[in-house]
Structures are given as C-alpha cells and as structure tokens.
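What follows is one structure encoded as structure tokens, with my remarks underneath.
The values are calculated or read from the model by the stated rules, or taken from the named source; none is laboratory data. The model shown is predicted, which means the values in this text are computed figures rather than measured ones. Glycine also receives a Cβ, built like all others from the backbone with ideal geometry; neighbour counts cover every protein chain displayed.
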Amino acid sequence: MTHPTPHLNIGLFGFGTVGEGLHEVFEKVRIKDAEIRRICVRDLSKPRSLPAPMFTDNPDDIFADPAINLIVELIDDAESSYKLVRRALEAGIPVVTGNKKMLAYHLEELIELQARTSTALLYDASACGSIPVIRNLEEYYDNDLLISVKGILNGSSNFILSKIFNESMSYDKALRLAQELGFAESNPTFDVDGYDSLFKLVIITVHAFGSYVSPDRVFNYGISTMNDADIRFANEKRRRIKLVAQVEKIEGNRFIMCVMPQFITKDKYIYSVEDEFNGVVIKGECYGKQFMFGRGAGGHPTGSSVLSDITARLHDYKYEYKKRHGSTPPRYTDELSFQLYLRYTDEADRELFRFTDITERYWSNDHKYVIGKVSLRNLVEIQERLRGKDLFLAAYPEN
C-alpha cells in the first residue's frame, strides 16, 4: 500500500535534452504538488531558458538544501551519475534517474542500498523512453508466467534501418540524417553498436526474472558493419534487419540474453516498428504475446517517463523487486545454439564461429556468406575479437 508524499521539491542534475524536456513537460502539466527547485549543471555560462538563480554548478548546493526531498538525475556521465545516486540514497533522499549505463553496471548494489536505507530509486526512463516497460514488469507481470521480453530498444538504430529498408538509403546516408535530426550522436557507437540496447536489457531482466547479469557477460553486436550485400540479402529473403534485444527463459529454470541484428519476417510484430520508435513483445504462458509500442528517444518522450516516476513518488511508490524475493529466480546461461547469418571476407574469421548444420553458403568476388547453427557461448567468447573485422552477423530465425 502506498501513502501520499508531501509536496516534492526537486533537485535536478542535468539540463540537456532530457532535462530541458522534463521542464517543458512540467510546464504543460503543471503538477501542483511538485516543482523543480534547483538545477545543477556542468557549465553555468551556457544560455538557458530559465532564470540564472535556478542554476548552480555545485552539487553541494542541492544536497545542503533541507527543502529538497527528491533528486532527479539526468546527466550523461555514468560514473558521476553513480556517485550522485549513491550519495542521495545514503542521505535518505529518493532518486529518479535515466542513466541506463550506470544502472546496468551498479543496479545490484543499488538495490541493496535501497533496502538498507529504505529509500526509493525509480528509473522507468532508463528503458524505452515513453514505454512503461519496467513498471509493467513490476506490477502486471509479477509472476512466474513470463517467458520472454524481446524487442527494439534503441530508436536511433531503428531510424537508420527504417530509412534503409523503406527509402533505399545507404547506411552512411541514413546515419547522417539521423545525426542531423538529433536521433544519433556525432559519435553513434553507443547506439549503432548495441550498447544502449544492452544496458536497457540488463535493467529489464532484473524486473522480468529477478536476476542481475553484468553487461560484460552478454553477447552484444550492432549494425555498424552492415553493408549493401546484407541489405540486398534481406530484401531477397523478404525480411528486414532489426537490432533486437531479448531475454528468454529456457528449460531447466535458465534464461538466455543477447543483443544482435536479426532478419525479421513480416509476420512478427517488430517488423513494422519504424523510425525512432521502440517496440517490445512480452510473452508468457496462458496469455501468449503482448506488444508495447511508443517513442523510445527524445526530450519529451523521455521527459514524460521521468515525470511519471516523479508523480509515482507523490504516492510513495517504489519498486518491490518481487521476482528477486519470490520463487527461485532463473539463472543466466549461454548454452544455446541458433541459426546465424555471417557475411565475411577472410576464411580465418569464419572459422572463429565453429558453424554446425550449415544450410546455405555463397561465394562471389565481392563477399561470402554462410548460414548455419552456432553456439551463443562461442559468440560470447569471441565477441571482442570481432570488433573492427570486415564481417556482419545476424540471427536468422527459421520459419
């Protein structure tokens, strides 16, 4: 049972795209029981839309204000984010954060800190922007019927892939457009190489199955090495390439996790998720598949998710991590074989994959590809050796 919290005086860290988006959403909604009292930024000299006295560059100014009873942390540096969140929780001040990388590496410790200090940490904004995935996993899917969570968790890479398959753009041109529109950073590695999706998946897994897995143990591969041959192959097979993150239960009370491109057929929900949108398919026993769809990036969509966490604090809401305290959580494994497409140049690179049950091979002067069964464990073992190589891989689910 939740109890109403008195007026929220917010100390906000960060006033970039999401921080300013949150303020603009606040102005639209005008919540009478919550207000942004002070904002801490890195550079006070930047021109901003709010009066200068609202801002400080000293975190102590916020922590020393006895009226502030909620910290909202929206900075882009994971280590600084961790220090701020830890400091707030240790001081008994509830926190809302959107820093997915920080959470992915420190969530298990922060869960224990919340319990020790009886202080809430909310972070729905860290996964899928405006889609309330975490809250739904906590409240609606809070039982052992859940089988899998799978989907498109990164709007930037999905925008690029949409332009490639809908408008026949080259990868490079689609990436430049995404950067011009603000959907991708000048250094797009975080998005297109799958790290953003990976961090979100780690967080989602904690709420889906109650188990924490370090990002370093999960296979992760993005779309930055995709070329025209891969796109042509997808079109020939009447499929689309999507960057997919998934966690799925398998027999023996175990689950697998991975982030990689997949060749998606037209009958799948995420086939039609376009542009900067995210799409998440939740599958369970008895209720089958359920689909959640919405904007996954941008100041206003993410700001609205932060606002949802803020209003939840008005009712004293906190995550209960029910899956961690109920029945025995499943354990992570990489013991799974599945069908993979590999486009490559060097035969020595192909040998890294230890293919079995090869179903299709192709050679030409331009490129080679092979489709066959591989082990997820093998991919985890070799993933660092794949960086920078002239190859592209993607899951190729059998019909």
Single residue of ILE10, ILE62 found to be at pLDDT 95 or above and closer than 17 Å to LEU122 by Cα: ILE10
Being surrounded by fewer than 14 Cβ atoms within 10 Å (Cβ to Cβ) and in contact with a Ser or Thr (Cβ under 8 Å, 6 or more places away or on another chain) is the filter here, so list the residues in segment 34-50 that pass it. LEU44
Hey, ASP65 hits all of (1) crowded, with 16+ Cβ neighbours inside 10 Å; (2) on the phi < 0 side of the Ramachandran plot but one; which does it fall short on? (1)
Looking at (1) surrounded by fewer than 19 Cβ atoms within 10 Å (Cβ to Cβ); (2) among the aliphatic types (A, V, I, L, M); (3) in contact with a Lys or Arg (Cβ under 7 Å, 6 or more places away or on another chain), which is the only condition ILE382 fails? (3)
Just to be sure before I move on: is GLY210 of a type in the set (Gly, Ala, Ser) and on the phi < 0 side of the Ramachandran plot in the structure I sent? no
If the requirement is being crowded, with 20+ Cβ neighbours inside 10 Å, among the hydrophobic types (A, V, I, L, M, F, W, C), under 18 Å from VAL280 (Cβ atoms) and in contact with a Phe, Trp or Tyr (Cβ under 8 Å, 6 or more places away or on another chain), which of these qualifies: ILE204, ILE160, ILE152, ILE164? ILE152
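Only one residue in VAL72, VAL25 is among the β-branched types (Val, Ile, Thr), over 26 Å from LEU107 (Cα atoms) and surrounded by 14 or more Cβ atoms within 10 Å (Cβ to Cβ), so which one is that?
When all the criteria are applied, what remains is VAL25.
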From the list PHE263, PHE293, which residue is assigned to a strand (DSSP E or B) and touching a Pro at 6+ places or on another chain (Cβ under 8 Å)? PHE263
THR333 passes all but one of the listed conditions (1) of a type outside the set (A, V, I, L, M); (2) touching a Lys or Arg at 6+ places or on another chain (Cβ under 6 Å); (3) buried (at least 18 other Cβ atoms within 10 Å of the Cβ); the exception is number (3)
Check segment 68-85 and report whether any residue there is closer than 20 Å to ARG324 by Cβ and not aromatic (Phe, Trp, Tyr). yes
Hey, among PHE159, PHE190, which residue is outside the structural domain of ALA125 (by TED's automatic domain parsing) and under 18 Å from SER130 (Cβ atoms)? PHE159
With outside any loop (DSSP other than H, G, I, E, B), in contact with a strand residue (DSSP E or B) (Cβ under 9 Å, 6 or more places away or on another chain) and among the aromatic types (Phe, Trp, Tyr) as the only criterion, which of PHE199, PHE255 stands out? PHE255
Hey, TYR171 hits all of (1) in contact (Cβ under 8 Å) with a residue 12 or more places away in the chain; (2) farther than 23 Å from ILE282 by Cβ; (3) out of contact with any Phe, Trp or Tyr (no Cβ under 9 Å at 6 or more places or on another chain); (4) surrounded by fewer than 20 Cβ atoms within 10 Å (Cβ to Cβ) but one; which does it fall short on? (4)
Taking ILE147 as the residue in question, decide whether it is in a strand (DSSP E or B) and in contact (Cβ under 8 Å) with a residue 12 or more places away in the chain. yes
Output the helices (runs of 4 or more DSSP H) that fall wholly within segment 304-399 and possess 2 or more residues being in contact with a Leu (Cβ under 6 Å, 6 or more places away or on another chain), or say none. 376-386
So how many residues does segment 132-167 have that are over 20 Å from SER211 (Cα atoms) and within 11 Å of the chain's Cα centre (by Cα)? 3
Name the single residue that is modelled with the highest pLDDT among those in segment 318-328 being surrounded by fewer than 18 Cβ atoms within 10 Å (Cβ to Cβ) and within 18 Å of GLY252 (Cβ to Cβ). THR328
If I go through segment 108-132 residue by residue, how many of them are in contact with a strand residue (DSSP E or B) (Cβ under 8 Å, 6 or more places away or on another chain), buried (at least 24 other Cβ atoms within 10 Å of the Cβ) and more than 15 Å from SER81 (Cβ to Cβ)? 2
